[in-house]
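What follows is calculated from the coordinates using simple rules that are stated; it is not laboratory data. Everything numeric in this text was worked out from a predicted model, so none of it was measured. All Cβ positions, even for glycine, are placed from backbone atoms using ideal geometry, and neighbour counts span all protein chains on display.
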């Protein structure tokens, strides 16, 4: 009998405090389930067979650690609510003669019961949902899969292991709290922390300053390379700034309002402002967490979904034909390699390969190009190589442009036009830039007169996908156009110019055959190098292969974004719920006093309502501001993923915010009911 | 003229699912004159808190009437009751009921702020009251920083600052030590001397002995009352004790 006392006490206290424990257990179940699902995707067989599975698995593996860390932090947070309420009970037990050892025993059984329930429930839900999640993922990345109920033992074991550790840490933490407090502090713990909030000017202002600085960085970062370096710092500053602002800044703000007698001593402001200071002090951390979670969800969902939905668009631009090959000519004999005789010899060799395999290349795009990087300023191009020695990447990005010379003859042939130019004239085509000067003058080279802009052109995929802008110059004669520039050498003494021949075509084959043929074509045509065409290397893209790879990558990212968002939203909802419940209990007595002192129920309800609304929507508003400032820098980062459809990204972000706000309001409605039930339940007594 | 007139008050509580009915007050009638200091005494469960709640318009009687300066409390609309309370009644509670979100000064201002009183007038009103109650030094402190006696004096100040027609006190000494109790009772007597009407509910003989009249309530009925007359506190204390002993030993009065 005696042996069973502690498990019994633990079980009874969970049963009797259902209202507190149920949400906590559900949280644990949710966390376990989410963790299992993500882990399952790392281990399960069906995902393995998907295109780009390596990428997905790596991301999910990474995601699982993020998830584990988040679960741990979050469970500690929710557990602290429980502990505060439980301590009073422990104080009572302690007065009745239980030693701290006994209390620890109760705590042990309690953790064991909750942990076991959470793992059992979580794994059950997780296994059930993982199948669904898997089907969704496979659908998103457009793979094919047969339906069969499956689960992964490795994922189960790892989940049990990780959450076992988390629950152990929780137990140690509560035992530590019991050990280091006396009976009296245990008894009174529920009432501590009622000291009036002090305005901490230093931290409050630091919070505002951090946010301001982060926003400044986000807005002023104007290129992708710098963004990589600054983004992480800005994120850290925003997180820290949000916490400081919510915890200290808000109290500081209330104090400033209280200093203004004309404002403060008004019926509408008096109660609201003073209780707000308390509310913010108690909820600052929770609200900041909600704000950060909301921002993360919004950023994640809007960027991953933009990538996912925008990638077809990006692919069409970077892969205008089914197969695209760029042949790089030996740089010391570049002009020789690009001579019409050499190119036509190369092309006929390729054509014979096509006909050997019964393929008729269609919609062929073929043009030669000479490429040189330089700084463009006021129509003058600086090509001095010493500048390219700098290690400052950001500086290079500042105005660095790629100049590509293409023979007009090749253009006319490909696009069926009959443009003519005289010597020293050129037509231009811009990629990611808006150069519109009348002339362009190369330092150490020629000056070209720009007589017009070309509308229709399919630039090579490198120009499209790289973050640097390019200017294509269509010239009547390649050799004279680059005269002088061919002397340029980089710091290793190699020529600066690149000589290339682009060759793109459609095959008219089925998607799978496109890949097979594309691959064999590339493989076999590499022998061409030995056949004396002066080709030193070649790079190639197969559109269908790229598409599958992209879809797998961005589909995986999108899915991970959704999964993590669901988890974060779940966490935010629980924080809100705990906040409402705990505030409800604390406001019970205050509500009663105000009524006795002569506030009408309507006045009280109005005041509390406005406070709840403020507290509730503050994180959402701040998240919106964060998102607003983050969009510019994220859109720069997305350039690295070749997402250039910025309006799409902004629209998606706005859409995500609208949906999120709707969800959030719904949660508010539901949880504020719980709050009113608690508060009004008390005043009857 | 009586400031408060209570006639035939009955209050029945019924359990939520019908059945058991509890009669907290059977038939209570009494009146309080302007400037009086009345204590209502009774054991736990005698119905005195119910009575006070009805007088404070926090609860409504099942039958009977409460008239404050001739105004029937039952006639006041629910929506207007809080304001009526604010304008006419002052409260002192056993548990002080100071809001921990306000400084002592702001706690005292609360009813005035709710009434839309300008800041200057509030401070003008507070100054003499604070001086009388000996609390000018703690106005900027928070309730948790001061002692029980100080808290109760702050609560008295809050009750007085609206110049209420009637101060209702519910076991005001219940949570105080004996020294603070003496101070508070002295304060009540002083405040009463300035013409303030006070109605106190208590089971402490000591508290009751500072009043001018004691009503004894038992089983939901007023069954006896004592006037102080020219008694000192000690003499009055003795008479109250004697009465209570008589009641306890089953002796019949009247």
Original post:
Relative to the first principal axis of the alpha-carbon coordinates of chain A, what is the inclination of helix A:224-244, with its axis defined by its Cα atoms, in degrees from 0 to 90 and to the nearest 10?
Top reply: 10 degrees
Original post:
For q = 0.20, 0.21 Å⁻¹, what log10 I(q)/I(0) does segment A:191-311 give under the Debye formula with an equal point scatterer on each alpha carbon and no solvent?
Top reply: -1.09, -1.15
Subject >> Selected from B:55, B:126, B:244 as most flexible by GNM, with chain B as the system and alpha-carbon contacts under 10 Å >> reply: B:244
**OP:** Working from Cα positions, state the angle (0 to 90°, nearest 10) between the long axis of helix B:148-160 and the longest principal axis of chain B.
**Re:** 90 degrees
Original post:
Rounded to whole Å and sorted largest first, what semi-axes of the equivalent ellipsoid does the C-alpha gyration tensor of segment A:407-518 yield via the square root of 5 times each eigenvalue?
Top reply: 28, 20, 14
Original post:
Under the classification rounded if a/c is under 1.5, otherwise prolate if a/b is larger than b/c and oblate if not, where does segment B:126-201 fall, given a ≥ b ≥ c as square roots of the Cα gyration tensor eigenvalues?
Top reply: oblate
Subject >> segment B:170-254: C-alpha gyration tensor shape, a/c 1.5 cut-off, then a/b vs b/c >> reply: prolate
Original post:
Among A:129, A:497, which comes first, second and so on when ranked by fewest other beta-carbon atoms within 10 Å?
Top reply: A:129, A:497
Original post:
Taking the Cα centre of each part, how many Å lie between segment B:78-123 and segment B:182-254?
Top reply: 28 Å
**OP:** Alpha carbons only, please: Rg and Dmax for chain B, in angstrom.
**Re:** 18.5, 57
**OP:** Report, to the nearest 10°, how far helix B:119-133 tilts away from the longest principal axis of the Cα atoms in chain B, using its own Cα long axis and a range of 0 to 90°.
**Re:** 60 degrees
Subject >> Over chain A: helical MRE at 222 nm, DSSP H runs n ≥ 4 each giving -39500 (n - 2.57), nearest 500 >> reply: -23000 deg cm²/dmol
Original post:
In whole Å, how far is the Cα centre of segment A:506-576 from that of segment A:579-610?
Top reply: 59 Å
Original post:
What's the extension gain from residue B:44 to residue B:27 if we count 0.36 nm per residue and subtract their Cα-Cα distance?
Top reply: 4.3 nm
Subject >> Paired Rg and Dmax values of segment A:323-506, which use every Cα atom, in angstrom >> reply: 16.6, 52
Original post:
Binning every alpha carbon pair distance of segment B:77-130 at 10 Å from zero, what are the percents per bin?
Top reply: 20, 51, 26, 2
Original post:
Using the Cα gyration tensor of chain A, with a ≥ b ≥ c the square roots of its eigenvalues, what is the shape: rounded (a/c below 1.5), prolate (a/b larger than b/c) or oblate (neither)?
Top reply: prolate
Subject >> Cα principal axis extents for segment B:92-165, largest first, Å >> reply: 29, 24, 20
